[in-house]
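*Asks:* Please see the structure below; I have some questions.
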Amino acid sequence: MNRARGPMGFSGPVVKAKDRTGTIKRIWLYMEKQKAQLVASILFVIISTLLGILGPYLIGIIMDEYIIPRDIAGTIRLLAFLALVYIATVVFTWLQTFMMVRVSLQTIRNLRQDLFDKFQTLSLRFFDSRAHGDLMSRVTNDIDSLNNALSQSVVQIFSSVLMVVGVAIAMFSLNWLLAIVTLLVIPIMMLASKKLIAYSSKHFKKRQKDLGELNGFIEESISGNEVITLFGKEGKFDREFSGVNERLRHSAMAADTVSGFLGPVNNFINNLGLGLVILVGAVLTVKGMATVGIIAAFVTYSRQFFRPINQLSNLFNMFQSAIAGAERVFEVMDETPDMVDKKDAVVVESFRGDVEFSHVHFGYEKGKPILKDIHFAVKPGQKVALVGPTGSGKTTIINLLMRFYDVTAGELKVDGRDIRDYQLSGLRKKIGVVLQDTFLFSGTIMENIRYGRLEATDEEVIAAAKMASAHQYIKHLPDGYQTRITSGGANLSQGQRQLLAIARAILADSDILILDEATSSIDTSTEIEIQKGLNRLTEGRTSFVIAHRLKTIENADLILVIHLGEIIESGTHEELLQKKGFYFEMYHSQFAHLQNVSAQEAVES
Ligand SMILES: Nc1ncnc2c1ncn2[C@@H]1O[C@H](COP(=O)(O)OP(=O)(O)OP(=O)(O)O)[C@@H](O)[C@H]1O
């Protein structure tokens, strides 16, 4: 049993590795779908192999029966026929390759699609525990190496076996003694290959693993580029990268050195075999037990015989690395999504907007509770504000409501039902989110707003932008709604991005809304616009606001003060001020800060 390691030593769930046969069987399940093309390809392989065997046979006949008796016309006739045979071999070999590349590319397309679909079903918990570059490497490198193996190896392995059997039959029918001499070399060759393959396999695994790590590192340093530059950590990153890079060089070198050794060793044995055949052939001819034609045929046959055997070991080598890759792909495919719809999951039409957290406990990791006994209820249309120091658990509460994670204990109900009873996709569709740093996809502004509801018309998109107060600035962009967004929205300001997110949410027309208020300072006029947009958006809908500036939530129906994962105070703004507790302190410290800022501004002006 060939047990694969956990992915790069990351602390994800340890997945049982597939054994080699199991992995091959699963690849076969994918290839099976292209049965007709596979059969055609096999047919072409058989034809081209048979033609390949016929060639040397003809050479022997031409020698013994036409060249030696000096039958020139007959020689020319047969040589022309031989040429035809070789041309046909080329055509059928090409056909077989063409067919197999088609089968392979289709197989790989399906596999890649399944893997990507799988990614969509996996929860944030899964992605939390894996380096993204490692996952990307599974969709790209691992699948690529499988593609190489399938498009080349499968047919070649088949044709090699066929060639070996066919040539053996031809050799025995020509001269059994010479055939036995030729075959004697095989065991030595097999043994050498087997040893080298066993040795190379572990190097290939290591190379694949190091490549995944390198990708993970590159991914992280590109997405974290801003922070790296900001803290002047280029040098540190560079040093770490050169370590990872060097490890990959080392393991790739080891893998390639070992695999590069296979060819020359086999060639050497091959030539040794050839010399032996010629030597024995010459002795037999002198004794009248063979002919020159037979030796000529055998020289070609022995090459044709050894080449596939040589190839077989190389092909298996390639397979080693492909299977190691495929194993890593299937490993992801076998992840059981920890969030699956129940069999009788309730289809969500719309929500009234009743939300109830009933003694909810939650932790991202076992034994590390984050939320403790969260208990509150919200009526339809109410606005709830979550406030509290950083890291207190506000976002975590929202993550549970979006069902990115499931509660550890307690219950979370929407419209009186446990949210685990609803169809996940429907649930998320009916909950809209406006984050302070919205992810924008590459595409136009129009497309990005339409992401809220794909079937919306241009007019509806523009109407939503108007409601969100985004229309004003979009209108003034050089290409208006057709302005392209570059790298996640870098060409827009944070305020502009948030206005787009509001427009998107208006278009989505969700029943429950989650708003993550911007922390960074946005100019006053944009902020007023955002506030206007948000007010229109939240009208009549249950909404949750993660608030950083308490000024903006004075009108909330319920304010929850979260501290260290617990609700320590709750009520309206007035009620909480009267309590003179945590909220009161927070409010006054922010208020004092604001007064200081405005006093300073007054002095400066
Ligand atoms: N994916 C995660 N895996 C493990 N721990 C996490 C994860 N996300 C958050 N935490 C931890 O959970 C705790 C609460 O985090 P949370 O993001 O809910 O805080 P928050 O109140 O929203 O903070 P902020 O105001 O800074 O956004 C923190 O201690 C944080 O370290």
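*Asks:* For region 447-489, enumerate the residues that are touching a residue at least 60 places away in the same chain (Cβ under 8 Å) and under 21 Å from Lys429 (Cα atoms).
*Replies:* Within region 447-489, Met467, Ala468 meet the criteria.
*Asks:* Looking at this structure, is Ile269 assigned to a helix (DSSP H, G or I), of a type in the set (Val, Ile, Thr) and modelled with pLDDT under 80?
*Replies:* Yes: the conditions hold for Ile269.
*Asks:* Let me spell it out: the conditions are (1) in contact with a Leu (Cβ under 7 Å, 6 or more places away or on another chain); (2) surrounded by 15 or more Cβ atoms within 10 Å (Cβ to Cβ), and Leu177 meets all of them except one. Which number is the exception?
*Replies:* Unmet condition: (2).
*Asks:* Would you mind stating whether Asp144 is part of a helix (DSSP H, G or I), acidic (Asp, Glu), more than 11 Å from the chain's Cα centre (by Cα) and within 30 Å of Val45 (Cβ to Cβ)?
*Replies:* Criteria met by Asp144.
*Asks:* Is it the case that region 276-292 has a residue that's crowded, with 21+ Cβ neighbours inside 10 Å, β-branched (Val, Ile, Thr) and more than 30 Å from Gly60 (Cα to Cα)?
*Replies:* No, every residue in region 276-292 fails to be crowded, with 21+ Cβ neighbours inside 10 Å, β-branched (Val, Ile, Thr) and more than 30 Å from Gly60 (Cα to Cα).
*Asks:* Pick from region 122-153 the residues that are among the β-branched types (Val, Ile, Thr) and touching a Leu at 6+ places or on another chain (Cβ under 9 Å): which of them is farthest from the ligand (Cβ to nearest atom)?
*Replies:* Across region 122-153, the extreme among qualifying residues is Ile143.
*Asks:* Please determine whether any residue of region 426-437 is in contact (Cβ under 8 Å) with a residue 12 or more places away in the chain, among the acidic types (Asp, Glu) and within 21 Å of Thr552 (Cα to Cα). Before you say what the answer is, go through the steps one by one.
*Replies:* First, pick out the residues of region 426-437 that are in contact (Cβ under 8 Å) with a residue 12 or more places away in the chain: 426-437.
Now restrict to residues that are among the acidic types (Asp, Glu): 437.
Next, from what is left, pick out any that are within 21 Å of Thr552 (Cα to Cα): 437.
The answer is yes; a qualifying residue exists.
*Asks:* Here's another thing I want to ask about it. What do you reckon, is Leu38 over 34 Å from the mean Cα position of the chain (by Cα) and surrounded by 14 or more Cβ atoms within 10 Å (Cβ to Cβ)?
*Replies:* no
*Asks:* Now for a separate question. I'd like the full set of residues that are part of a loop (DSSP other than H, G, I, E, B) and near the ligand (Cβ under 7 Å from one of its atoms), limited to region 361-381.
*Replies:* Matches in region 361-381: Tyr364, Ile370.
Residues checked against (1) hydrophobic (A, V, I, L, M, F, W, C); (2) outside any helix (DSSP H, G or I); (3) over 26 Å from Gly426 (Cβ atoms); (4) at pLDDT below 90:
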{"position": "Asn491", "(1), (2), (3), (4)": "no, yes, yes, yes"}
{"position": "Ile522", "(1), (2), (3), (4)": "yes, yes, yes, yes"}
{"position": "Ser525", "(1), (2), (3), (4)": "no, no, yes, yes"}
{"position": "Glu585", "(1), (2), (3), (4)": "no, no, yes, yes"}
{"position": "Gln595", "(1), (2), (3), (4)": "no, no, yes, yes"}
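*Asks:* May I ask you to verify whether Ser358 is over 30 Å from Glu569 (Cβ atoms) and more than 16 Å from the ligand (Cβ to nearest atom)?
*Replies:* Details: over 30 Å from Glu569 (Cβ atoms): no; more than 16 Å from the ligand (Cβ to nearest atom): yes.
So Ser358 does not fit the description; no.
*Asks:* Quick check on my filter: what residues within region 493-518 are part of a loop (DSSP other than H, G, I, E, B), of a type in the set (D, E, K, R) and closer than 17 Å to Tyr451 by Cβ?
*Replies:* Asp509
*Asks:* Let me ask you something else. May I ask you to list the residues in region 462-478 that are closer than 13 Å to Asp509 by Cβ and touching a Lys or Arg at 6+ places or on another chain (Cβ under 8 Å)?
*Replies:* Scanning region 462-478 gives Ala464, Met467, Ala468.
*Asks:* Give the residues of region 344-368 that are acidic (Asp, Glu) and buried (at least 16 other Cβ atoms within 10 Å of the Cβ), sorted by residue number.
*Replies:* Asp354, Glu356
*Asks:* So, in region 86-132, how many residues would count as being buried (at least 19 other Cβ atoms within 10 Å of the Cβ) and within 30 Å of Thr408 (Cβ to Cβ)?
*Replies:* Going through region 86-132 one residue at a time, the tally reaches 3.
*Asks:* Among the residues of region 555-574, write down those that are in contact with a Phe, Trp or Tyr (Cβ under 9 Å, 6 or more places away or on another chain), on the phi < 0 side of the Ramachandran plot and away from the ligand (no atom under 16 Å from the Cβ).
*Replies:* If the condition is that a residue be in contact with a Phe, Trp or Tyr (Cβ under 9 Å, 6 or more places away or on another chain), on the phi < 0 side of the Ramachandran plot and away from the ligand (no atom under 16 Å from the Cβ), then Leu558, His573 are the ones that fit.
*Asks:* Would you point out which residue out of Gln304, Gln320, Gln311, Gln382 is polar (S, T, N, Q), buried (at least 17 other Cβ atoms within 10 Å of the Cβ) and within 30 Å of the chain's Cα centre (by Cα)?
*Replies:* Testing whether each residue is polar (S, T, N, Q), buried (at least 17 other Cβ atoms within 10 Å of the Cβ) and within 30 Å of the chain's Cα centre (by Cα) leaves just Gln320.
*Asks:* Is it fair to say Lys475 is closer than 22 Å to Ile397 by Cβ and surrounded by fewer than 18 Cβ atoms within 10 Å (Cβ to Cβ)?
*Replies:* No.
*Asks:* Still on this model: With of a type in the set (S, T, N, Q), touching a Leu at 6+ places or on another chain (Cβ under 7 Å) and either in the same structural domain as Gly426 (by TED's automatic domain parsing) or modelled with pLDDT of 80 or more (or both) as the only criterion, which of Thr538, Thr552 stands out?
*Replies:* Numbers: Thr552 fails: touching a Leu at 6+ places or on another chain (Cβ under 7 Å).
None of the others qualify; the one that does is Thr538.
Residue-wise test of (1) assigned to a loop (DSSP other than H, G, I, E, B); (2) touching a helix residue (DSSP H, G or I) at 6+ places or on another chain (Cβ under 7 Å).
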residue	(1), (2)
Tyr301	no, yes
Gln311	no, yes
Leu315	no, yes
Ala326	no, yes
Val332	no, yes
Val340	yes, no
Lys343	yes, no
Val348	yes, yes
Arg352	yes, no
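*Asks:* Report whether or not Thr538 is in contact (Cβ under 8 Å) with a residue 24 or more places away in the chain, polar (S, T, N, Q) and under 22 Å from Pro389 (Cβ atoms).
*Replies:* no
*Asks:* Residue under question is Phe231, and the condition is that it be within 30 Å of Val277 (Cα to Cα), surrounded by fewer than 16 Cβ atoms within 10 Å (Cβ to Cβ), in the same structural domain as Arg130 (by TED's automatic domain parsing) and aromatic (Phe, Trp, Tyr); does it hold?
*Replies:* On the way: within 30 Å of Val277 (Cα to Cα): no; surrounded by fewer than 16 Cβ atoms within 10 Å (Cβ to Cβ): yes; in the same structural domain as Arg130 (by TED's automatic domain parsing): yes; aromatic (Phe, Trp, Tyr): yes.
Taking the combined requirement at face value, the residue does not satisfy it.
The values are calculated or read from the model by the stated rules, or taken from the named source; none is laboratory data. Keep in mind it's a predicted model, so treat the numbers as computed, not measured. Methodologically, a virtual Cβ is constructed for each residue, glycine included, from the backbone with ideal geometry; neighbour enumeration extends over all protein chains shown.
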